[in-house]
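The structure appears right after this line, and notes come after that.
The values are calculated or read from the model by the stated rules, or taken from the named source; none is laboratory data. Computed from a prediction, not measured in an experiment: that's the story for all the values here. Cβ sites come from the backbone with ideal geometry, for glycine too, and all protein chains shown count toward neighbours. Note: accessible area is taken over every heavy atom of the protein model, side chains too, but ligands, DNA and RNA are not part of it. Shrake-Rupley method; radii C 1.70, N 1.55, O 1.52, S 1.80 Å.
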Amino acid sequence: MKKKMLLLNTTVLLGLGGVLSTPAYASTIQDMESQKSQIQNQRQDVQSNIKAASDELTRLQAEQDQMKAQLERLTLAEEENNQKAQKTEVDIKETSKQVDQLEKEIKLLQEKLKKRNDILKDRARSMQESGGNVEYLQVLLGSSSFGDFVDRALAVSTIVDADRGILKETKNMQDELKTKQADVKSKLASLEDMKAELDEMTVQLAAQKKQKDALAKELKDKEAKNEELKASLQSKDSSLANEQSTLEQNIKDQKAAEEAARKAAEQAAKEAAKEAAKKAAEQAQKAAAEPAEKVDSPSPKAAPKASSNDVAPTSAPAPKASNVVTVGNRWIGNSAYVFGGGRSQSDINHGLFDCSSFVHWAYSQVGVNLGPLGSVSTETLKHAGTQVSSSQMQPGDLVFFDTYKKDGHVGIYVGGGKFIGAQSSTGVAIANMSSGYWKQKFNGRVVRI
């Protein structure tokens, strides 16, 4: 009887163990967990690409902002240069009118002087016939031209007072008109030089603006494509997130079902054990009751923990340029050429220079004064230091170029056959003077400050 009782208890326990250990959902949950892990890895890749796209968009935006500022600067420079060109054209026309008027006055004066010449010759003949002053007659009759006659006649001490007054008045008028004509023509030549440079500069600025517009469009297109890529990645990430959420819910439901089945099995096992114990007790009473044994089977659980540490990044300040060769680098890509620009703080703040004002500004940054800012020019800079041979050229020396006129452009030699200056086509930039355009224009003048 004792053996039968032991066999029955063993059968009940084995049955209970079988119910509790059956992997009914294990393979399904394992598959879903594997799928979830794959989706999480995919999401990490997508999110990494989204971050890269966002970083690229930020970089492109900064590039666009810088390009927009440069385009606005070029537009301002173009407007100022156009105004200067228009004013120069007006000045040229006005000066041309003054020259035409002076030439008319000179022509009238020449006609008037010719009449006076005839009158004086008649007076000379009358004087000759009446036995007048021989010296005076020789001057009148021996002069090679009327101008020569006026100069020689004024030197004769015995000339009559009436004639001397006429001659002096004529001489003064002639000298004054010649002086005025020379001054006006000189001014006209200078204005025409300015107009030639402004015309060239306007063409170059238009070409530069066209290039900048094309680059801005390229950046805008890149930004649009990047935005499209980012939106596509975000859509994919959203789809993966939904798929991951669905899997997580399915896993949760599956685990809930497994837990319910486990609890049901435990309840059934308990009831079976209870029924078996009851039957065993009844049989024990009949067979002189034997003690029952209880077995506890604890189920320990372990909960893993995770921890993480954050490390703050560090950054170091960028060094600053401190000499005349490099101090102007801050304006590269952030400046525009304006004829006559750079002579006010407002122009300097906006990066608007011409070649001579940039050189003046650069030297002022290292404590060297090259004269009044308002009157600085390539002509004044030619005499600002000591001229040296181009074979002895050193960084910091001023180099001159024959562009629209002799010594029409100036820059600062930086070494390696290059110079930095405010060029009409680029604004402040480093250019190569050992080949191409600037090699052809370099006239060999080098000034050491």
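Does Asn334 count as more than 30 Å from Glu80 (Cα to Cα), polar (S, T, N, Q), within 28 Å of the chain's Cα centre (by Cα) and at pLDDT 50 or above? No: the conditions fail for Asn334. Apart from one condition, Lys439 fits all of (1) assigned to a helix (DSSP H, G or I); (2) at pLDDT below 95; the exception is (2).
Among the residues of region 28-39, just one is open to solvent by 70 Å² or more (accessible area, probe 1.4 Å) and in contact (Cβ under 8 Å) with a residue 60 or more places away in the chain, namely Gln35.
Scoring Asp237 on the criteria (1) more than 20 Å from Gln40 (Cα to Cα); (2) open to solvent by less than 70 Å² (accessible area, probe 1.4 Å); (3) among the acidic types (Asp, Glu) leaves a single failure, condition (1).
Considering each residue of region 42-56 in turn, none proves to be under 20 Å from Asp347 (Cα atoms) and touching a residue at least 24 places away in the same chain (Cβ under 8 Å).
Scanning region 361-379 turns up one or more residues that are surrounded by fewer than 15 Cβ atoms within 10 Å (Cβ to Cβ), in contact (Cβ under 8 Å) with a residue 60 or more places away in the chain, among the aliphatic types (A, V, I, L, M) and in a loop (DSSP other than H, G, I, E, B). Scan region 67-87 for residues that are surrounded by 13 or more Cβ atoms within 10 Å (Cβ to Cβ) and either of a type in the set (Phe, Trp, Tyr) or within 13 Å of the chain's Cα centre (by Cα) (or both) and the total you get is 7.
In region 402-426, of all residues being part of a loop (DSSP other than H, G, I, E, B) and among the basic types (Lys, Arg), the one that is most open to solvent (accessible area, probe 1.4 Å) corresponds to Lys406.
For region 367-399, a residue qualifies if it is of a type in the set (A, V, I, L, M) and within 22 Å of Ile348 (Cβ to Cβ), and the qualifying residues are Val368, Leu370, Leu373, Val376, Leu381, Ala384, Leu398. The condition (being within 21 Å of Ala189 (Cα to Cα) and either touching a Lys or Arg at 6+ places or on another chain (Cβ under 8 Å) or assigned to a helix (DSSP H, G or I) (or both)) is satisfied by just one residue among Ala85, Ala69, Ala53, Ala77: Ala85. Of the residues making up region 169-214, those that are within 20 Å of Lys406 (Cβ to Cβ) and without any contact (Cβ under 8 Å) to a residue 60 or more places away in the chain are Ala182, Ser186, Ala189, Ser190.
For Leu219, the test of being of a type in the set (A, V, I, L, M, F, W, C), more than 30 Å from Glu89 (Cβ to Cβ) and open to solvent by less than 40 Å² (accessible area, probe 1.4 Å) is passed.
Quick check: is even one residue across region 139-148 at pLDDT 75 or above, of a type outside the set (D, E, K, R) and open to solvent by 50 Å² or more (accessible area, probe 1.4 Å)? Checking region 139-148: not a single residue is at pLDDT 75 or above, of a type outside the set (D, E, K, R) and open to solvent by 50 Å² or more (accessible area, probe 1.4 Å). Cβ-Cβ distances below 6 Å connect the following pairs, each with a first residue in region 413-434 that is basic (Lys, Arg) and modelled with pLDDT of 95 or more, a second residue that is open to solvent by 20 Å² or more (accessible area, probe 1.4 Å) and in a strand (DSSP E or B), and a separation of six or more residues or different chains: Lys418/Ile430; Lys418/Asn432. Only a single item in (1) open to solvent by 60 Å² or more (accessible area, probe 1.4 Å); (2) within 55 Å of the chain's Cα centre (by Cα); (3) under 30 Å from Ser34 (Cβ atoms) is not met by Gln244, and it is number (1).
Residues in region 326-360 that are assigned to a loop (DSSP other than H, G, I, E, B) and open to solvent by less than 30 Å² (accessible area, probe 1.4 Å): 6 in all.
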